[in-house]
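This report refers to the structure that appears directly beneath it.
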Amino acid sequence: MRPLPLLEVDNVSKRFGGIVALDAVSLSVEAGEIVGLIGPNGAGKTTAFNVITRLYTPDEGDVRFDGASLLGTQASAIVRRGIARTFQNVELFHGLSVIDNVRVGAHARQGEHSVDDVLFYVNLHSVRHRGASELPYGTQKRVELARALASGPRLLLLDEPAGGLSHDEVERLGTFIRRMCGDFELTILIVEHHMGLVMGVADRVHVLDFGRKIGEGTPAEVQANQAVIEAYLGAPT
Amino acid sequence: MSLLELQGVGARYGPVKVLHEVSLAVGEGELVAVLGANGAGKTTTLRAVSGTVRRSGDVIFEGQKLPRRPEATARAGIAHVPEGRGTFNELSVLENLRLGAYVRRGKVKADAERVFDFFPRLDERRNQQAGTLSGGEQQMLALGRAMMARPKLLLLDEPSLGLAPLIVKGIFDSLERMKQKEGMSILVVEQNANLALAHAARAYVLEVGRVVVAGTSDELRANESVRKSYLGY
């Protein structure tokens, strides 16, 4: 028998007025896996993250974590269930230093990693007393990652972690994500437009378009999927 | 003569100096790229031009020293698409576009339609609040708003950020068209260096706040260390 998935998004729909942001979307993530979520702009990727973290309540469907529904859990209590995330547009506490931002993550800590450990791990220790908003964009994304890690999550949701990074930094990020997944015993769901990164780190990939799932499979399968190429990847050049 | 010239420009955030003596130029109708790692000073270079950060040295635009006031920069014909987009989230898509034309007169309606032709997605959402757009759609809106100013010089901070690969290609093709049809000059910071160099005539590479390599796109592509660090082959 297959093990129970750690995360199950089960037939979830979410509407905003007349717009169907998610239309009966199902996806699952097994413990220890790195899963990619890709698709065109406005496909519903960030909405899916917001449903999983309970910022949104789905109109239909259920989200289960470790076999139990998350719908009875408020957004503010999600971190204590063991789910942490980063945001597409960076949502740090701009008036706070790096270390204080990470401490905010640690207030809900369940893991054994201290704030200092995490700061060293993501290579932010030397700038820990700097104001978070003074730092370059790519570094701010790393502060968000540290804040998420400090809460000791089992499931980590990364929304466009490669934003603001140059080619060789993205390559290093890929290696880093794989190592972090093992070192912190994480399960990772990652939204990213940098295909080199997604295809390099993900075990499986789900593809959304206009709120519907149009593809699923290993990176190689998804890259060869005609519907995905037409909606998203474009013909290889 | 260059449209824009930076002469020994420096900038700092509090005690942290992030730009040291940066000199660069953008010619009329030229697309110039700025490459560099996270923290190299790319965003600050654009901010120094638009006057949104304290700077030393001179910024010359159309032969005149540019005052360090963002509103004067905008009126001089420079539009800045900043990092983080800066769209007005309580306003509708169309209202955001109209604000882009605030510093000039005439043809506002027609230009908004031109933006909608570029980004059909924005057309579908023209009366929607900007804050309810997806991240990528907000990026399209920030670009569209800058186009509304009909600038002589467009400063673009990572136009590809958060956008799907197909859209990114479309944006660079559109920039190329705007450059050719309207003679617009563009200074673009972009992580996708392959794409930027495919469209740029010249590029500068920044490292720790200094220009370390400058040349034509072909020269940069032939440069071993640039290839390894930024192009990945």
Exercise. Once amide H atoms are built 1.01 Å from N in the peptide plane, which residues 5 or more positions from B:GLY36, or in another chain, come under 5 Å H to H?
Worked result: B:LEU206
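222 nm [θ] for chain A, helices only, -39500 (n - 2.57) per DSSP H run of 4+, per residue, to 500? Present the calculation step by step, with values, prior to reporting the outcome.
Working: 7 runs with 67 residues, N = 237.
After summing the helix terms and dividing by the residues of chain A, the value is -8000 deg cm²/dmol.
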Problem set entry | Dimensionless Rg over Rh [region B:22-165; C-alpha; Kirkwood] | 0.97
For this session: Given the options B:ARG105, B:ARG145, B:ARG126, state which has the largest fluctuation in a GNM of chain B using a 10 Å cut-off (strictly under) for Cα springs.
Result: B:ARG105
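How would you rank A:ILE38, A:ILE188, going from fewest to most other Cβ atoms within 10 Å of each one's own Cβ?
On the way: A:ILE38 29, A:ILE188 24.
Result, fewest neighbours first: A:ILE188, A:ILE38.
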For this session: Show the residues, 5+ positions off or on another chain, whose built amide H is closer than 5 Å to the amide H of B:GLY57.
Result: B:GLY10
Problem set entry | Centre separation in Å (Cα based) which lies between region A:211-225 and region A:149-171 | 22
Seminar exercise, completed: Karplus-derived 3J(HN,Hα) from phi for region A:219-225 (6.51 cos²θ - 1.76 cosθ + 1.60, θ = phi - 60°), whole Hz, x at Gly and Pro, runs x, 5, 5, 5, 5, 9, 7
Exercise. Of B:LYS109/B:LYS181; A:LYS141/B:LYS152; B:LYS152/B:LYS181; A:LYS141/B:LYS169; B:LYS65/B:LYS152; A:LYS213/B:LYS169, which sit over 22 Å apart, Cα to Cα?
Worked result: A:LYS141/B:LYS152; A:LYS141/B:LYS169; A:LYS213/B:LYS169
For this session: Read phi for every residue in region A:228-233 and hand back ³J(HN,Hα) as whole Hz from Karplus 6.51 cos²θ - 1.76 cosθ + 1.60, θ = phi - 60°, with x for Gly and Pro.
Result: 5, 4, 5, 7, 9, 7
Exercise. Can you give the FRET efficiency for B:ASN127 and B:ARG69, using 1/(1 + (r/R0)^6), R0 = 51 Å, r = Cβ-Cβ distance, to the nearest 0.05?
Worked result: 0.95
For this session: Enter the Cα centre distance for the pair region A:9-40 and region B:148-214, rounded to the nearest angstrom.
Result: 33
For this session: Can you put A:ASP168, B:ASP173 in order of Cβ neighbours within 10 angstrom, beginning with the fewest?
Result: B:ASP173, A:ASP168
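For region B:35-94, what does the relative contact order come out to in percent, with C-alpha contacts under 8 Å and a separation of six or more?
Working: 35 pairs, mean separation 14.7, N = 60.
Dividing the mean separation by the residue count of region B:35-94 yields 25 percent.
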Problem set entry | Label-point separation, B:PHE88 to B:ILE60 (7 Å along Cα→Cβ), nm | 3.6
For this session: Please list, or write none, the lysines whose alpha carbon is within less than 22 Å of the alpha carbon of B:LYS228, excluding same-chain residues fewer than 8 places away.
Result: B:LYS42
Exercise. Where the centroid of each part is defined by its Cα atoms, how far is region B:100-145 from region A:51-101 in Å?
Worked result: 31
Exercise. Given H placed 1.01 Å from N in the peptide plane, which residues other than close sequence neighbours of B:VAL18 have an amide H under 5 Å from its amide H?
Worked result: B:ALA11, B:ARG12, B:TYR13
Exercise. Can you tell me the Rg and Dmax of the protein assembly as shown, counting just the alpha carbons, in angstroms?
Worked result: 22.2, 74
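Would you mind giving the mean number of other chain beta-carbons within 10 Å of the Cβ of each residue in A:167-175, as a whole number?
Values: counts 13, 6, 6, 3, 1, 0, 0, 0, 0.
If you average over the peptide's residues, the count of other-chain Cβ atoms is 3.
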Problem set entry | Residues B:MET140, A:MET180, sorted so that the one with the fewest Cβ neighbours within 10 Å comes first | A:MET180, B:MET140
Seminar exercise, completed: Cα convex hull volume per residue for region B:4-91, in Å³, equals 121
Exercise. Taking the Cα atoms only, what angle lies between the long axis of helix B:165-182 and the longest principal axis of chain B, rounded to 10 degrees?
Worked result: 90
Exercise. Ordered by residue, what ³J(HN,Hα) values in Hz, to whole numbers, does region B:221-231 give under the Karplus form 6.51 cos²θ - 1.76 cosθ + 1.60, where θ = phi - 60° and Gly and Pro are x?
Worked result: 5, 8, 7, 3, 6, 5, 4, 5, 7, 10, 9
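Throughout, read-outs are computed from the coordinates displayed, never taken from laboratory work. This structure is a prediction, so every number in the text was calculated from the model and none was measured. Note that we place each Cβ from the backbone using ideal geometry, even for glycine, and neighbour counts take in every protein chain shown.
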